[in-house]
Amino acid sequence: MKVRDYTPLMAKLSDIYARRSPYSKAIQGQAVNYLVDGGSHTLRLIKPFPPRIASARGAWLTDEDGHKIMDLWQGHMANILGHNPREITTPLAEALGGGFGLQTGFTDRLQVDTARILCDRTGSERMRFTTSGALATMYAIMLGRAFTGRELVLKVGGGWHGSQPWALKGIDYHGGVGNGYQAVESNGVPAAVTDQVLVTPFNDPERLRDLFRASGDQMACFIMEPFIGVGGYMPASQEFVQAARELTQQYGVVLILDEVIAGFRFRAGNMGALYDIQPDLATFGKIIGGGMPVAAVGGRAEIMELAGLSEGGSRAYKAARVKFSGGTYSAHPASMLAARTMMSYLVDHEAEIYPRLGKLGEQARRTVRDAFAAEGIYVHVTGGDGVLPGSSMFMLHFPFEPDRPLVCPSDCFDPARCDIPLCHTVLDLAMLVEDVFMLHSHAGISTAHTEADIAFLGEACQHAARRIKPYL
Ligand SMILES: Cc1ncc(COP(=O)(O)O)c(C=O)c1O
């Protein structure tokens, strides 16, 4: 392991950034008086202070200091059409002007249309909407536990499913490598819950088989991302997904594919289809909401119906009922309008959108690699391999030895293998002073990005690489 001291570089970058962003700095000064750390989502509170965004359109943001920033973070990867696309904002503005959009407390036909598209495109028999990915995965796990009558929940080490009690184990990205992702990354969560969570390594079918042999008959559900997001931007291998499907079927365990990132990202539908498997349940969020807070759980009717009040069920069935209910803002009218508009647009333009995104993604990966290589820095770019030859998602990693592939979070977060501070802290700021925004080296191309934007990214990478090089 090489220990590199980036303290002087970070001080230099912070100074450049602070001098060019006095308004954002001043707002942060006020923000910490009212908001914990100055905001409501830790990831957005980058150091030394976040750029405060004044407006956003397409691939670009404008901050309070007037900088135009090319954005590759795009609303936590929700904005596949870029920021505030007219395809979504026009119908929303018309609806609001015409007396439809804020919460009514009733239900409407829009919700039916939206659910129909989502069911059709994901092979789900029934849907229910909620407002965040974390709630969706929590409800999916509750459904899996109720359906099987079992306690144990299996998840992947480094798999992020939102901040909810069953999902906060195995997400200590930096400490996880040493402890096999067995730690719980939050106070306030009952041990009675986290003790029921088992953790298995990503893309390791053999270990998965061992775990099922040992505890499969006590497991309620296995939740996994087909494209691991926070864990390093890597698709699950065909073998891993296949093993997950076969083992869950063999042991009567509910397979939940968490497609909050992956859904509608690589095709106008679920990613599970790329593996030719159908999970029992799937969770969706981000893109499907068209920039509004929409998430969903979908899947087999006999499991989903546990969320309902169906008349015909037996007493035992009713006793298994899951309170996937409440939610003042669930299936909010404006959100459903944005969701229906977004998904219809992606379905109608699927044949142009996804190949173009894949091509730009490939171009971006190549451009980034070349830009760093020109300064003698090896960067490993994940996001576009396995079942995803054409992917709009990419993440930069800086392994000390270039020859070994990165296939799971413990590869990417191992400080003996990869330069973690460079990937997770230094690069973000080095790029931001070049007017490109990436978060923890995560990036996603939207349809609003152009080849000129990719060239701009290349130049920014080269400038950042020049700044970083003396500290390696
Ligand atoms: C795969 C996955 N599942 C669930 C979530 C949680 O979604 P939300 O942030 O909407 O609660 C996320 C968020 O990044 C995610 O990437």
In the stretch 423-462, whose amide N lies under 20 Å from the spot 7 Å out along Cα-to-Cβ of Lys12? List them in ranges.
423-436, 459-462
Computed over the chain: longest principal axis from alpha-carbon atoms vs helix 7-20 long axis, angle to nearest 10 degrees, is 90 degrees
In the stretch 19-93, taking the dipole from +1 charges on Lys and Arg beta carbons and -1 charges on Asp and Glu beta carbons about the Cα centre, the listed residue (Leu92, Gln30, Ala56) farthest towards the positive end is Gln30
For the stretch 89-198, with only Lys/Arg (+1) and Asp/Glu (-1) charged at the beta-carbon, what is the dipole magnitude about the Cα centre, in debye rounded to 20?
240 debye
Taking the dipole about the Cα centre of the stretch 351-464, with the C-beta of Lys and Arg at +1 and of Asp and Glu at -1, give me whichever of Phe413, Thr367, Gly390 is farthest to the positive side.
Gly390
Calculated diffusion of the stretch 1-119, Stokes-Einstein form, Kirkwood radius summed over Cα pairs, 20 °C and 1.002 mPa s, µm²/s
120 µm²/s
Could you pull out which residues in the stretch 278-308 have an amide N less than 17 Å from a spot 7 Å beyond the Cα of Ser325, following the Cα-Cβ vector?
304-308
Which distance in Å, rounded to a whole number, links the C-alpha centroids of the stretch 274-308 and the stretch 174-189?
27 Å
Cβ charges +1 (Lys, Arg) and -1 (Asp, Glu), total dipole of the stretch 27-136, debye:
160 debye
Using packing as a proxy for protection, rank 237-246, 88-97, 19-28 so that the peptide with the highest average count of other Cβ atoms within 10 Å comes first.
237-246, 19-28, 88-97
Would you list which aspartates and glutamates come within 18 Å of Lys68, measuring only between C-alpha atoms, while excluding same-chain residues fewer than 8 positions from it?
Asp428, Glu434, Asp435, Glu451, Asp453, Glu459
When ligands, DNA and RNA are left out and all protein chains stay put, how many square angstrom of accessible area per residue does the stretch 406-472 have with a 1.4 Å probe?
29 Å²
Rounded to the nearest Å, what's the spacing between the alpha carbon centres of the stretch 252-266 and the stretch 1-74? Just the number, please.
32 Å
Taking the square root of 5 times each eigenvalue of the Cα gyration tensor, what semi-axes in Å does the equivalent ellipsoid of the chain have, largest first?
35, 28, 21
By the C-alpha gyration tensor axes a ≥ b ≥ c (rounded if a/c is under 1.5, else prolate when a/b exceeds b/c, else oblate), the shape of the stretch 291-427 is prolate
Taking Cα pairs under 8 Å and at least six residues apart, what relative contact order does the chain come out at, in percent?
20 percent
For the stretch 408-419, just list the computed ³J(HN,Hα) in residue order, Karplus coefficients 6.51, -1.76 and 1.60, θ = phi - 60°, integers in Hz, with x standing in for Gly and Pro.
8, x, 6, 6, 6, 9, 7, x, 7, 9, 10, 7
Give the cross-link partners of Lys169 among the lysines, using a straight C-alpha distance below 27 Å as the criterion and excluding same-chain residues fewer than 8 apart.
Lys47, Lys155, Lys286, Lys323
Which one of Val253, Thr200, Gly75 is farthest out on the positive end of the charge dipole of the chain, using unit charges on Cβ (Lys, Arg +1; Asp, Glu -1) and the Cα centre as origin?
Gly75
To the nearest 10 degrees, how steeply does helix 109-122 sit against the main Cα axis of the chain, on a 0 to 90 scale?
80 degrees
Out of every Cα-Cα pair in the stretch 390-429, what percent are more than 13 Å apart?
53 percent
Whole-Hz couplings from phi, Karplus 6.51/-1.76/1.60, listed for the stretch 126-143; x for Gly and Pro
9, 10, 9, 9, 9, 10, 8, x, 5, 5, 4, 5, 5, 5, 4, 5, 4, 5
Hey, what number do you get for the chain at 222 nm if only DSSP H runs of n ≥ 4 count, each worth -39500 (n - 2.57), divided across all residues, to the nearest 500?
-11500 deg cm²/dmol
State, to one decimal in nm², a quarter of the convex hull surface area for the C-alpha atoms of the stretch 106-195, i.e. the direction-averaged projected area.
7.9 nm²
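The values are calculated or read from the model by the stated rules, or taken from the named source; none is laboratory data. If you're wondering where the values come from, they're calculated on a predicted model, not measured in any experiment. Cβ: placed from backbone, ideal geometry, glycine included. Neighbour counts: every protein chain shown. The area values use the complete protein model at the heavy-atom level, side chains included, leaving out ligands, DNA and RNA. Shrake-Rupley method; radii C 1.70, N 1.55, O 1.52, S 1.80 Å.
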